[in-house]
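Inspection log for the structure reproduced underneath, given as structure tokens.
Each value in this text was obtained by applying a stated rule to the coordinates, not by laboratory testing. Quantities reported herein were computed from a predicted structural model and do not represent experimental measurements. Cβ sites come from the backbone with ideal geometry, for glycine too, and all protein chains shown count toward neighbours.
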Amino acid sequence: MLGRFRITAAARAAHTAAYAAFEAEDWPLAGHQLAAAAAMLPAGRAQRAAWFDAALAYKFARDWARAYEHGRTAASLVERGKEEPAFWNLGIAATMLREWDTARDAWAGYGLRLPAGTGEITEDLGPTCVRIETGGGQEVVWAIRICPTRARIVNVPFRPSRRYGEVVLHDGVPNGERVSGGRTVPVFDEIALFTPSDLATLTVDADAPEQADVEALADLFAQERYGMEMPSTRRDLCACCSESTVRQERVIPVGRQQFLLAAPLDRARELLDRWRAERPGERSWENLHPAT
């Protein structure tokens, strides 16, 4: 809300038009008009909100240069160390632009304590889940957070349009939870693919008669920093359920089934042969090829 004093008619009109565009989710127009309104407003709460929302609108528009520019202005108007959202949004924009010094300062300004360093942030901040876009819908994947707004995918997505090892930029507000092994982790929504992966998804039919056989195959690929997933474990959820708390029990189907692998084709063949040779009378595989 705007106060009654010190606000010109032009500023009021600009402010009203800007938030009408924001409500209509016309993000480029909202960002432009909010920045114009903020420049006309006197210092105070309304101006701080307008600069923050201008940066936010440009974030929604994926206009990272302007989100960064207005995010710096918004962050300069709030107190450091108080978990002000202006610093978080600035951290996202700075990360997307690979402005690492600004990103580190933004996380510190928000109130986070990261290990000291310079350049790109590549820490291990623990497991999380990310809801990614696959081109044919959405999928929740497991990942390791490497900074407050990025995570590396550590399971093989079911749709081959996405890949094991991708680094994704994600939002800062959780949109659901996953509970596994007694541990609860947040689900963040993907904003953008940050770093692609060169490990295309492969598919193979294999006989794994016992749970130990499945675990041995998973361990073998994990030791090489590759991935393995079983489509038989897939669980489809509606949007409402996906965005709630979901318990994921550790179920390992056995027998003949399809596996998804993330590894170079020749290397996957070598590892499968090694796995089969450990129990040649029980384990077998065939039909290794790129997933489609």
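Near the amide H of residue 134, within less than 5 Å, lie the amide hydrogens of 139, all on another chain or at least 5 residues away, with H placed in the peptide plane.
Between region 236-292 and region 22-68, the C-alpha centres lie 46 angstrom from each other.
Between residue 60 and residue 284, the FRET efficiency estimated from the beta carbon spacing at R0 = 51 angstrom works out to 0.50. In terms of other Cβ atoms within 10 Å, 122, 201 run from fewest to most in the order 122, 201. For the chain, modelled as a GNM whose springs connect Cα atoms under 10 angstrom apart, the maximal fluctuation among 35, 212, 106 occurs at 212.
Within the listed set 115, 253, 186, the residue fluctuating most in the Gaussian network model of the chain (springs between alpha-carbon atoms under 10 angstrom) is 115.
For a modelled paramagnetic label at residue 222, 7 Å from Cα along Cα-to-Cβ, the residues of region 247-266 in reach, with backbone nitrogen under 16 Å, are 249-253, 260-262.
Once the Cβ-Cβ distance of residue 200 and residue 244 is raised to the sixth power relative to R0 = 41 Å, the FRET efficiency obtained is 0.80.
When only Cα pairs below 8 angstrom with a gap of at least 6 residues are kept, the chain shows a relative contact order of 12 percent. The string of couplings for region 55-72 from the Karplus curve (6.51, -1.76, 1.60, θ = phi - 60°) is 5, 5, 4, 5, 5, 4, 7, 6, 8, 6, 5, 6, 4, 5, 4, 6, x, 5 Hz, one whole number per residue in order, with x for Gly and Pro. Rounded to the nearest whole Hz, the Karplus-based 3J(HN,Hα) values (6.51 cos²θ - 1.76 cosθ + 1.60, θ = phi - 60°) of region 139-147 follow the sequence 9, 8, 10, 7, 8, 10, 6, 10, 7, with x at glycine and proline. Each residue of the chain gets 145 Å³ once the volume of the Cα convex hull is shared out per residue. Residues 274, 269, 283, ranked from the fewest to the most other C-beta atoms within 10 Å, line up as 274, 269, 283.
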